Amino acid sequence: MIGSFESIIIDRPDPRALARFYSELLGAEIVGCDHDRTELVPPGSPRPLLAFQRVDDYNPPRWPSQDLPQLMHIDVKTDDFDIAEAAVLALGATKTGSDSPTFRNYLDPAGHPFCLIKPEG
């Protein structure tokens, strides 16, 4: 083993704003806030799962097109698509319209794609 997983870093012009979105979405606590970086700790975990760093010249992905590739996305498991969709839209997400019986795709307020998933079985 070379190392251990620490966190996923997501670029954003305003790290604190995007951290608030994911804090509400995942029930995670915002920690380590400063002007350039904000981190989230998931419930019951001693270390950050997601971190958001300031990038002033940020260009969001153009998803599902690969003109500017997505580079990452997050799957969020849910039991009820309709309730979860209403909640993420209220937080500022945008629906992409690319759905299937097991997932629905959205963009977070900075344009990063994420999916609500309801795996079969």
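Bear in mind these aren't lab numbers, they're just calculated from the coordinates by the rules spelled out. The model shown is predicted, which means the values in this text are computed figures rather than measured ones. Here the Cβ is made from the backbone with ideal geometry for all residues, glycine too, and neighbour counts use every protein chain on show.
Only DSSP H runs of four or more residues enter the estimate; each adds -39500 (n - 2.57), and after division by the residues of the chain the mean residue ellipticity at 222 nm equals -6000 deg cm²/dmol.
Mean separation of Cα pairs under 8 Å and 6 or more residues apart, divided by the residue count, gives the chain a relative contact order of 22 percent. Beta bridges assigned by DSSP with both partners in the chain are antiparallel in approximately 60 percent of cases. With 0.36 nm allotted per residue and the present C-alpha distance subtracted, the ASP56-ARG16 stretch has 13.0 nm of extension available. Placing +1 on the Cβ of every Lys and Arg and -1 on the Cβ of every Asp and Glu, with no other charges, gives the chain a dipole of roughly 40 debye about its Cα centre. Remark: spin-label model distance ASP67-SER7 equals 3.2 nm, labels positioned 7 Å along the Cα→Cβ axis.
Considering only GluC sites (Glu not before Pro) in DSSP loops that have at most 10 other Cβ atoms within 10 Å, the longest stretch of the chain without any of them is 7-119.
Residues TYR58, TYR22, arranged from fewest to most other Cβ atoms within 10 angstrom of their Cβ, appear as TYR58, TYR22. Springs between Cα atoms under 10 Å define the GNM used for the chain, and in it the highest mean-square fluctuation of ASP14, ASP82, ASP34 occurs at ASP82.
Residue order for LEU25, LEU89, LEU40, LEU49, fewest other beta carbons within 10 angstrom first, comes to LEU89, LEU49, LEU25, LEU40.
Relative contact order of the range 1-58: 42 percent, from C-alpha pairs under 8 Å at least 6 residues apart in sequence.
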